[in-house]
Amino acid sequence: MRWRVIIPGIVLIALVGVLGYGLTRDPHTLPSVLVGHPAPPFDLPTLDNPQHTIGVDAMKGRVALVNVWASWCVACRSEVSVIAELSQRTGVPVLGLDYKDDRDEAHRWLRRFGDPYARIAFDAKGQTGIDWGISGVPETFVLDRHGIIRDKVVGPVTDETMNDRLIPLIEKLRAEGG
Amino acid sequence: MIPELGHLALILALAMALVQSLWPIYGIVCQRPAYQRVAGPAAVGQFLMLGAAFVALGWAFFFNDFSVVYVAENSNTNLPWFYRLGAIWGAHEGSLLLWMMELAMWSLAVALASRSLPREVASGVLAVMGLVSVGFLLFTLTTSDPFTRQFPAPGQGRDLNPLLQDPGLVFHPPMLYMGYVGFCVAFAFAITALITGRVDAAWTRWTRPWTLAAWVFLTIGITLGSLWAYNELGWGGWWFWDPVENASFMPWLVGTALIHSLAVTEKRGIFQSWTVLLAITAFALSLLGTFLVRSGVLVSVHAFATDPSRGIYILSFFAIVVGSSLLLYAIRAPRFQSGSEPVAVLSREGLLLMNNLFLVVAAAAVLIGTLYPIFADALGFGRISVGPPYFNKVFVPLTAPLVLFIGAGAAMAWKRTRRETLKSRLWLPAIAAVVVGVALPALTVGVHVVAAVAGCVLGCWAIATALEELWRRIRGTRIKLPRQILGMALAHIGVGIFVIGVSLVSGYGGERDARMVPGQSVDFGGYSIVFNGIRAEKGPNYTARVGEFDIRRDGETVAHVTPAKRAYDHSGQQMTEAGIDHRLFGDLYVSLGDSLSGKAWSVRIYDRPFVFWIWAGGFLAAFGGLLALSDKRYWRRRRARETDPAKAVRSPGHGPLDEVGT
Amino acid sequence: MRWTIVAATLLLVVLASGVSSAAPDDALTPAQSARYHELAAQFRCVVCQNRSIAASDAPLAADLREIVARQIREGRTDRQIKAYLVARYGDWVLYDPPFKFGTLLLWLGPFILLLIGLGLIVSLTRRRARSDRDSAADETSLDRDRLAALLAEPDDTPRDTHNSRARR
C-alpha cells in the first residue's frame, strides 16, 4: 500500500523541517506583545520627589525611550553609558523607570554610574513594570510621537543594538513626522 | 597522559565500530561468512575501547584533573567522590560518552547472545548497531570531545549542576539511557529483518526480550526521574510535561506498543510490517529525544549547554538514520503484507491492536504538544506555550480507554472470544473494581471528586482483571505459571496502582502558601504544621538553611520534617530539598520558599494523597517486565540455526493452541 | 544563541536579588484559594526555565502570583485574569493554549489521528466479518478455524516445540 510509504516519509520531512527551523530560533527570546500598541499609561511618583507624579504622556509628541532599570541590577551598570550615548547622539529624551528600588540606593547609583535620564518614574511595587510586560531589568522601549511602542530591547542595550537597531529606528520615526 | 589515552580509546572505538559495521555488511552482500563473523569480536573490542575511555574520564574526575576542560567545568575538589564520578555524565560530553558506552554494552550483549542466532541475523544486527555507534562517535570526536585539555590548568574546578547532586539522580541518567539505547537493539533487528526479509515467529522471539529489557530500563529511569523531581524541585509535582520528560516518555509509549505488537506478531503472525515500523519509530524517538535535550530548541527545566553545530549534527544524523530506515521499510515492507489476515474485535489481538492505536496516538499527542511551539512560531502564529493543562486534557481521553483495554484484554483469547466467555470472566472483576475503587477513596480522601473516583475504579479494574487471569490460570492445574504470564499480570497491576495514584493525587491534592515565623502554626487538611525555626547546616560544598517543622494531629506530634534550601558554594545556585512525611495513603510535603522580612519565611505545604502509588506502580511494572524477561522461553538455546530458512520465510503459523489467552 | 542564554541567566540572577513578597494565600477563602492554586499553575513564569508561576521562586513569579490572588479577591473571573496577563505577556504566558486558528492542529490533531486509526481498525475487522460470512460464520467457525490453522501449521517451527513443551 502506498500510504504506508508516504505517510512516514511526510512525517519525517515535516519533523526535520520544524526542528531545523527551531535551530535557527532562540526559544528564550520573549515575544513582545506591546510592540505596535500604545504605551500602557501610568501615574507614578518621580524618583526625586515622592510628591510629584509623572506619566508616560510626559513624552508625548516626541520620539522617546523608556528605560527600565534598578540600582540592584548589575547589567544596568554597563548599559547606562550606552543609553547616555544614544540619548546624546540622537537627542532623544529617556524616561527612566526605576523598578522595585530603594530611593537612596537609586540616587547613589545615579551619582556613581551616571544619569542619562530626562525624568525618572519610581515604580516601588513593580506594578507598572508588569503593566509594561517586562520580564527582567533592564529593558528599553522605543516610543513614537503618538506614544505607540515601536520596539523593545530585552536585556542591556549594547553598542551593536544601538547602532544597528535603535538609531536607524529613531531616525525613521523622526522622518515619519506627523 | 590518561586523558590522551581516553581520547585515543575513543578513536580506536570509532575504528572498531567501523569494522563492526562495514565488514559484516560487506560479508552479507558478498556472502562471505568469515567477514560476517567479524562483527562479534569487533563489538567486544568497541566495548573495551569505550570502557577504557569511560574509565579514563572517571579517573580524571576522581583525581581532580582540572586540565581537562570538561572536568574543570563540572567538578571541584569539594565535591564528594561519588558525585565526582556521577559528574561523568553530568553534562553534555560525558553523558554522550555514557550513551555510547551503553550502546556498546548492548552490542556486547547481542554479540554474546548471538550464538543462538543465525549468523546472518547476528552480524546484521551488530552491523546496524555499529553504524549508530559510528554516528555518535564521530559526533563526539568532532563536536563534543570530553578530553579536551586546557593549559594552564585552573587550581579549582567549577561545579556539578546542583540539580544532579542527589543520590537518586546519580542513577537516573544511566537507567534512562540504557532504555533509550536499548531500543537500538530492536531497531537493529528490524533493519536486519527488512534486509533479510524475515519477520517470523523466530524473529519476534529474538526481538522480544531485547525490547522488554530496554523497556524495563526506560521504565525505571522515568520513574526515578519523576521521584527525584518530586523530592528536589519543591513544588509537590511528580510530572510537568517538560520537553525533557516528554523526550523520554515518547519512546516509552511507542516501546510499550512495540512489546504488545511483538506479542501479536509472534502468536498470530500478523502485523509484521506494523511491528517493524514501531521498532524503527521507538528508536527514532530516542534519537529525537537526544536532539531535543541537546540542541536547545525548546525551553526546558534541564537542557545541556547548547551549541547550534551540535543541533545541526544530531538533526542530520536523525534525518539520515530515520530517513534511510523508512526508505528501506518502504521498499521491503510490502512483502510482509501477504501474512496479514483479518482480525476480530473480540480477540486478544483485536484489543492489542486498539492498545497499539491508543499508545501511538498518545505518543503522537506528546510529540505534537512538545513541538507545537516551534511549529506555531514557524508558521507565524506567534509564541505559544504548551504545558500541563493541555497534556492533561488531551491525555486523559487517550489513556483511560487503554486501561479499560488492559482489563478486557486479560480475559480475551487469541483469534476470537465468545461474549459469554467474556461475561463469565469479567463480571467479578468489574464488581470488585467498582466496590474497591469507590471504597478506597471513601475510606481515605472522600468521594466528592467524581473524575478521580472514576480513575480509581479504572485502576482497580486493571488490577482485578489481572488477578482474575492469574487465578484462572493456576486454578485446578498443577502447571507452573510461566513467568512471562506472571510478569505481564504484575506489570498490569503496576499500571493499575499507578492509575489509582495519579487519579487520587490529581483529584484530591491540596496546597497552601503560607507566611510563617518561628513558633507559628498553620492548619492544613486536618493537621497542624508548626514551624520551629531555621538552622544553618554546612555540607561538603554547600551551606543549607534547614527548616524544622512538626506535623501535629490532635495536639500530638506525628512527624517531623526538615525542608531545606541549599546554596552551593561554587555556583551560588540555590536548590530546594522538600521535607516530606511519606505515608501509604498520602504525603504531607513541606517546601521552604524565600526568606521574607523579619524572621518570616514563605512556606509551601502540599497534601499529596496516594502519590507514592505512582512510583510503586512504575517500579512494579518494571519488575513485571524483568520477571517476564527471566522466562525460560527466552533463555533456552534454540534450534534456530537448524531450521530451514525457506520454511521460516513462509507466513508463520496461526498459533491456535497457544497457552496465552485460552 | 549561547550569548542570549548567558544573558537570560544573568537576568534571572538579577531578578532574584529583587525584593520578594509574602504568601498570597492567607487572605483568601478556601474556595478562592483552590482557584488561585489552579490558576497559578497555568501561567508560565516568563523568566524561568519552563516553570509555572506557582512553582517558581523568581520574584516576578511571586509578583504575578500576588496579582492573581488580588484579582481573585476582587471578584475577577478566570477569563479576565487570563486576559490581563495575556495583554502583558502574550499567549506565551499560558500553559493552556487558547483554542484558535493557530492552535487547531494542536488541539484536534491527536483526535484526528485517533479517528483515522479507528477507521483503519474498523476496515480491518470488516474484512474479518466478510470472510466470516463466506465461511458461514457461527460459533462453530471458531473450531473450524482452529482445525484449519492446525492443519496449515508448519510442523517444525520452534514456537510449536515450545508450546507443546510448556503444556506438558
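How many residues, within region B:13-37, are over 18 Å from B:Ala111 (Cα atoms) and of a type in the set (A, V, I, L, M)?
1
Consider B:Leu326 carefully, then state whether it is modelled with pLDDT of 95 or more and either more than 10 Å from chain C (Cβ to nearest Cβ) or open to solvent by 40 Å² or more (accessible area, probe 1.4 Å) (or both).
For B:Leu326, the condition - modelled with pLDDT of 95 or more and either more than 10 Å from chain C (Cβ to nearest Cβ) or open to solvent by 40 Å² or more (accessible area, probe 1.4 Å) (or both) - is not met.
If you check B:Val366, B:Val361, B:Val436, B:Val343, which single one turns out to be surrounded by fewer than 20 Cβ atoms within 10 Å (Cβ to Cβ) and either out of contact with any Asp or Glu (no Cβ under 9 Å at 6 or more places or on another chain) or not in a helix (DSSP H, G or I) (or both)?
After applying the criteria, what remains is B:Val436.
Going through region B:493-517 one residue at a time, which ones are open to solvent by 60 Å² or more (accessible area, probe 1.4 Å) and away from chain C (no Cβ under 11 Å)?
Initial filter on region B:493-517 (open to solvent by 60 Å² or more (accessible area, probe 1.4 Å)): B:498, B:506, B:512, B:515.
Scanning region B:493-517 gives B:Phe498, B:Ser506.
In region A:122-138, is there at least one residue being over 16 Å from A:Pro41 (Cα atoms), among the β-branched types (Val, Ile, Thr) and surrounded by 23 or more Cβ atoms within 10 Å (Cβ to Cβ)?
yes
Can you tell me which of B:Val121, B:Val128, B:Val132 is over 13 Å from B:Ile28 (Cβ atoms) and crowded, with 17+ Cβ neighbours inside 10 Å?
Within the list B:Val121, B:Val128, B:Val132, the selection yields B:Val132.
Against the conditions (1) of a type outside the set (Gly, Ala, Ser); (2) buried (at least 18 other Cβ atoms within 10 Å of the Cβ); (3) assigned to a loop (DSSP other than H, G, I, E, B); (4) away from chain B (no Cβ under 13 Å), where does C:Arg76 fall short? Just the number, please.
If we test C:Arg76 against (1) of a type outside the set (Gly, Ala, Ser); (2) buried (at least 18 other Cβ atoms within 10 Å of the Cβ); (3) assigned to a loop (DSSP other than H, G, I, E, B); (4) away from chain B (no Cβ under 13 Å), just (2) comes out false.
Kindly indicate whether B:Gly269 is open to solvent by less than 20 Å² (accessible area, probe 1.4 Å), over 19 Å from the mean Cα position of the chain (by Cα), on the phi > 0 side of the Ramachandran plot and within 10 Å of another protein chain (Cβ to nearest Cβ).
Yes, satisfied.
Does B:Ile374 qualify as being over 17 Å from B:Ala466 (Cα atoms), open to solvent by less than 20 Å² (accessible area, probe 1.4 Å) and more than 10 Å from chain C (Cβ to nearest Cβ)?
On the way: over 17 Å from B:Ala466 (Cα atoms): yes; open to solvent by less than 20 Å² (accessible area, probe 1.4 Å): yes; more than 10 Å from chain C (Cβ to nearest Cβ): yes.
In short, yes.
Restricting the search to region A:139-165, which residues are open to solvent by less than 50 Å² (accessible area, probe 1.4 Å), more than 14 Å from A:Leu86 (Cα to Cα) and among the β-branched types (Val, Ile, Thr)?
If the condition is that a residue be open to solvent by less than 50 Å² (accessible area, probe 1.4 Å), more than 14 Å from A:Leu86 (Cα to Cα) and among the β-branched types (Val, Ile, Thr), then A:Ile148, A:Ile149 are the ones that fit.
Residue-by-condition table, conditions (1) under 18 Å from B:Val185 (Cα atoms); (2) of a type outside the set (A, V, I, L, M); (3) out of contact with any Pro (no Cβ under 9 Å at 6 or more places or on another chain):
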site: B:Leu218; (1), (2), (3): yes, no, no
site: B:Leu227; (1), (2), (3): no, no, yes
site: B:Phe240; (1), (2), (3): no, yes, no
site: B:Val244; (1), (2), (3): no, no, yes
site: B:Phe249; (1), (2), (3): no, yes, yes
site: B:Val254; (1), (2), (3): yes, no, yes
site: B:Val264; (1), (2), (3): no, no, yes
site: B:Arg268; (1), (2), (3): no, yes, no
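Given B:Ala622, B:Ala600, which one is open to solvent by less than 20 Å² (accessible area, probe 1.4 Å), farther than 30 Å from B:Ala452 by Cα and of a type in the set (Gly, Ala, Ser)?
Exactly one residue qualifies, and that residue is B:Ala600.
Test B:Leu79 against the stated conditions and say whether it is assigned by TED's automatic domain parsing to the domain that holds B:Thr204 and part of a loop (DSSP other than H, G, I, E, B). So that I can check it myself, show each step before the final result.
Working: assigned by TED's automatic domain parsing to the domain that holds B:Thr204: yes; part of a loop (DSSP other than H, G, I, E, B): yes.
Here the answer is yes, as B:Leu79 does meet what is asked.
Can you confirm whether C:Ala27 is open to solvent by 20 Å² or more (accessible area, probe 1.4 Å), more than 7 Å from every other protein chain (Cβ to nearest Cβ) and modelled with pLDDT under 85? Break it down into steps so the answer makes sense when it comes.
Working: open to solvent by 20 Å² or more (accessible area, probe 1.4 Å): yes; more than 7 Å from every other protein chain (Cβ to nearest Cβ): yes; modelled with pLDDT under 85: yes.
The answer is yes for C:Ala27.
Show me the strands (runs of 3 or more DSSP E) found entirely inside region B:509-575 where at least 3 residues are free of Cβ contacts under 8 Å to residues at least 40 places away in the same chain. Full working, then the answer.
Details: elements: B:510-516, B:521-524, B:527-538, B:542-553, B:556-561, B:564-568.
Result: B:527-538, B:542-553, B:556-561, B:564-568.
Each row is one residue, and each column tells you yes or no for (1) away from chain C (no Cβ under 14 Å); (2) open to solvent by less than 30 Å² (accessible area, probe 1.4 Å).
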site	(1), (2)
B:Pro174	yes, yes
B:Ile195	yes, no
B:Arg205	no, yes
B:Ser248	yes, yes
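The values are calculated or read from the model by the stated rules, or taken from the named source; none is laboratory data. Just so you know, these numbers come straight off a predicted model, no measurement behind them. All Cβ positions, even for glycine, are placed from backbone atoms using ideal geometry, and neighbour counts span all protein chains on display. Heavy atoms of the whole protein, side chains included, go into the accessibility calculation; ligands, DNA and RNA do not. Shrake-Rupley method; radii C 1.70, N 1.55, O 1.52, S 1.80 Å.
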